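To keep things clear, I will list the structure first and then write my remarks on it.
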Amino acid sequence: MQTKSKFSGKNVTVVGLGIEGIDLVRYLTKQGAKVIVSDSRKEAELTEQIHSIADCSPTLSLGKNRIKQMLSSEMIFVSQGVNQNATFINTARKNGIEISSMSKLFLQICPVNITAVTGSSGKTTTTFLLDSILTNSKIPHLIGGNIGIGLLGLLENITPESRVLIELSHTQLETIDNSPQLSCVTNVTPNHLDKFSWDSYVNLKRRIFEFQNKEDTVILNFDNNICREFSTESVGNVIYTSRKQNLNTDGVYLENEKIYAQFQQEILPIMNVGDISIPGIHNIENVLSASALALQMGVPVKEISDAVSSFQGVPHRLESVAIKSGVLYVNDSIATTPERTIAGINSFKQPIVIILGGRDKNLPLSEMADLINQRCRAVITFGEASELYAKSIADILQGNSPTIDQVENVSDAVMIAQRRAQSGDVVLFSPAGTSFDAFHTFEERGASFIEAVSQIGEKF
């Protein structure tokens, strides 16, 4: 006899009809809930999303989030990116209505152990590296979360043998009350300070291991100050990674251009750095994290090295797009912070023509501007932050400083970059700001760069 769902017959509101909202609507409907969808966007802006849940027949409440309607619900599920302190949510809390989310619900009900990755940068590449390792090892697993795959839809395919691998953003961690059994924090650096204080942001990242027990494990980047501080707070096992030093404790580290694992005083060589296919020092750190996770999941060293050496990267992350007239065009649209742009620049030895822009996140620009002055032949800025980024570089102009052009959009930026670049250069699209001034996502922005590159011809 099938157990009755706790959601059966309940009035439930789902706030935000994105990937998470669609995932929630489909799951809750199957559980017998009476689902209301609340979204501040109008129906015309949600055509595809509404079509994807048409068979669920939810009640639609669009154009604004209505407090009165919220108060008629027994539970409210909030998608990531929705302000947890919004008036309608606080009012619901005061009225005793439970606030939940896709990630919170999944962590509560997932029937098998979960491996999860978070961090200010590197979390997606680390997640996909681990996915590639598990695939290579023929270990049955499912992957979802902040990579654009809803979590609740995974449940029907989980078996007792399944491993579940998820990426969690800071906003997905905001509502959880359980931690994954195996967690990884790649790093914690200034990000999203346009919406959160630094302390609040750090506290959100901490939640990935905050609710662990002593049998659980967290992987932490020893080279990152915040992660190193986290190690004193963990009640479970701590495994370190380090690109800079031999750890002399359990972990995975880099020494003399080789990656090693050390567990219970046994040292195992994993691979040579030269065998890593994806460029950049930051990607060495991602390999360290993925290797540490894989070892904790029982993957043999040889299978880790084989998978890593064949891994070609994730779209929009230092993605080689084309070579035209001897110039390499690279899409790094994921770079939504100056820190990521710095990592992108440091991934190449060739002269660089860099394209910056988007919406500023109120993060320090001086280190990026200084590096651009040292390493880049030319700078093209676009979007809302165009003038701000151009000024930050111009303010510290040095002897052989780059030329600076300001344009309206990505397409114009690519045209100017083609003129400025010389054979042997890299045109690096690494914006340092968010996409939200002109695009819904960084993926959409990256696609516009790829399309613009496809339109330019060879120089003769």
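Computed from the coordinates by the stated procedures, all read-outs in this text should not be read as laboratory data. The shown structure was predicted, so the numbers you read here are calculated from the model rather than taken from an experiment. Cβ atoms come from the backbone with ideal geometry, glycine included; neighbour counts cover every protein chain shown.
Mind ranking 316-322, 156-162 by how tightly packed they are, going by the mean number of other C-beta atoms within 10 angstrom, highest first?
Values: 316-322: 19.6, 156-162: 10.6.
Taking the mean over residues of other Cβ atoms within 10 Å, the ranking is 316-322, 156-162.
Pick out, in residue order, every one of the trypsin sites (Lys or Arg not before Pro) in the stretch 1-76 that is DSSP loop and has at most 16 other C-beta atoms within 10 Å; say none if there are none. Kindly include the intermediate steps, with their values, before the conclusion.
Values: sites: 4, 6, 10, 26, 30, 34, 41, 42, 64, 66, 68; in loops: 4, 6, 10, 41, 42, 64, 66.
Here the sparse-neighbourhood loop sites are 4, 6, 10, 41, 42, 64, 66.
Give me the number: length gained by fully extending residue 48 to residue 93, i.e. 0.36 nm times residue separation minus the C-alpha to C-alpha distance, one decimal in nm.
13.1 nm is the gain from fully extending residue 48 to residue 93.
Among 104, 123, 138, 195, which comes first, then next, by fewest other beta-carbon atoms within 10 Å?
Working: 104 19, 123 24, 138 8, 195 14.
Ranking 104, 123, 138, 195 by Cβ neighbours within 10 Å, fewest first, gives 138, 195, 104, 123.
In whole Å, what is the distance between the alpha-carbon centres of the stretch 398-460 and the stretch 220-256?
Cα centroid to Cα centroid, the span is 37 Å.
Would you please put 18-24, 348-354 in order of how densely packed they are, using the mean number of other Cβ atoms within 10 angstrom per residue and starting with the highest?
Values: 18-24: 24.6, 348-354: 19.9.
Per-residue Cβ counts within 10 Å, averaged per peptide and sorted highest first, yield 18-24, 348-354.
Test of understanding: what is the full-extension gain from residue 69 to residue 41, defined as 0.36 nm times their sequence separation minus their Cα-Cα distance? Provide the component values of the computation, followed by the final result.
Details: separation 28, 0.36 × 28 = 10.08 nm, distance 1.63 nm.
Fully extending the segment from residue 69 to residue 41 adds 8.5 nm.
What is the Cα coordinate range of the stretch 361-460 on the first, second and third principal axes, sorted by size from largest, in whole angstrom?
Projected onto the principal axes, the Cα atoms of the stretch 361-460 cover 36, 34, 18 Å.
So if R0 is 35 Å, what FRET efficiency would residue 267 and residue 312 give, r being the distance between their Cβ atoms, rounded to the nearest 0.05?
Numbers: r = 29 Å, r/R0 = 0.83.
Efficiency, from the Cβ-Cβ distance: 0.75.
Among the aspartates and glutamates, select those whose C-alpha is under 15 Å from the C-alpha of residue 258, and discard any that sit fewer than 8 residues away in the same chain.
275, 285, 306
If I take all pairs of Cα atoms in the chain, what percentage of them are more than 34 Å from each other?
On the way: 40874 of 105570 pairs.
In whole percent, the share of Cα-Cα pairs in the chain beyond 34 Å is 39.
Under unit Cβ charges (Lys, Arg +1; Asp, Glu -1), what dipole magnitude, rounded to 20 debye, does the stretch 235-355 have relative to its Cα centre?
So the dipole magnitude of the stretch 235-355 works out to roughly 340 debye.
Give me a comma-separated list of calculated 3J(HN,Hα) values for the stretch 237-250, in order, Karplus coefficients 6.51, -1.76, 1.60 applied at θ = phi - 60°, integers in Hz, x for any Gly or Pro.
7, 10, 10, 9, 10, 8, 8, 10, 7, 5, 6, 6, 7, 4
Less than 15 Å Cβ to Cβ from residue 212, Lys/Arg counted +1 and Asp/Glu -1: what total charge do the surrounding residues give?
Details: positive: 205, 206, 207, 214; negative: 177, 210, 215, 216, 233.
Neighbour charge sum, excluding residue 212 itself: -1.
Give, rounded to the nearest 20 debye, the magnitude of the charge dipole that the stretch 27-74 has about its Cα centre when Lys and Arg contribute +1 at Cβ and Asp and Glu contribute -1 at Cβ.
On the way: 7 positive and 6 negative charges, 49 e Å.
Dipole of the stretch 27-74, to the nearest 20 debye: 240 debye.
Zone of residue 411 (label point 7 Å along Cα→Cβ, backbone N under 15 Å): which residues in the stretch 358-400?
What the label zone holds, given the 15 Å backbone N cut-off, is 383.
Placing +1 at every Lys and Arg Cβ and -1 at every Asp and Glu Cβ, with all other atoms neutral, what dipole size does the stretch 170-314 have around its Cα centre, in debye to the nearest 20? Before the final figure, lay out each step's value.
Values: 10 positive and 18 negative charges, 30 e Å.
Charge dipole, the stretch 170-314, about its Cα centre: 140 debye, nearest 20.
So which of 123/214; 104/138; 6/64; 123/361; 6/104 end up more than 21 Å apart, counting from Cα to Cα? List each step's numbers first, then the result.
Details: 123/214 24 Å; 104/138 29 Å; 6/64 28 Å; 123/361 19 Å; 6/104 15 Å.
Checking Cα-Cα distances, 123/214; 104/138; 6/64 exceed 21 Å.
Roughly what would the spin-label model give for residue 56 and residue 277, points 7 Å off Cα along C-beta, in nm?
Label at residue 56, label at residue 277, 3.6 nm between them.
Can you tell me the FRET efficiency between residue 237 and residue 157 if r is taken as the Cβ-Cβ distance and R0 is 30 Å, rounded to the nearest 0.05?
Efficiency for this residue pair is about 0.55.
Can you tell me how the stretch 327-407 classifies by the Cα gyration tensor, rounded, prolate or oblate, using a/c under 1.5 as the rounded cut?
Working: a/c = 1.34, a/b = 1.07, b/c = 1.25.
Judged from the Cα gyration tensor, the stretch 327-407 comes out rounded (a/c under 1.5).
Taking each pair of distinct Cα atoms in the stretch 11-100 once, what is the resulting Kirkwood hydrodynamic radius in Å?
Working: mean 1/r = 0.0779 Å⁻¹.
It works out to 12.8 Å.
Based on DSSP H runs of at least 4 residues, each adding -39500 (n - 2.57), what is the mean residue ellipticity at 222 nm of the chain after dividing by all its residues, to the nearest 500 deg cm²/dmol? Please list the in-between numbers first.
On the way: 16 runs with 153 residues, N = 460.
Using -39500 (n - 2.57) per qualifying helix, the result is -9500 deg cm²/dmol.
Provide the three semi-axes, in whole Å and in decreasing order, of the ellipsoid equivalent to the stretch 104-310 as defined by the square roots of 5 times the Cα gyration tensor eigenvalues. Provide the component values of the computation, followed by the final result.
Details: eigenvalues 118, 86, 50 Å².
Calculated on Cα positions only, the semi-axes equal 24, 21, 16 Å.
How many angstrom lie between the C-alpha centres of the stretch 284-300 and the stretch 341-374?
Comparing the Cα centres of the stretch 284-300 and the stretch 341-374, I get a distance of 29 Å.
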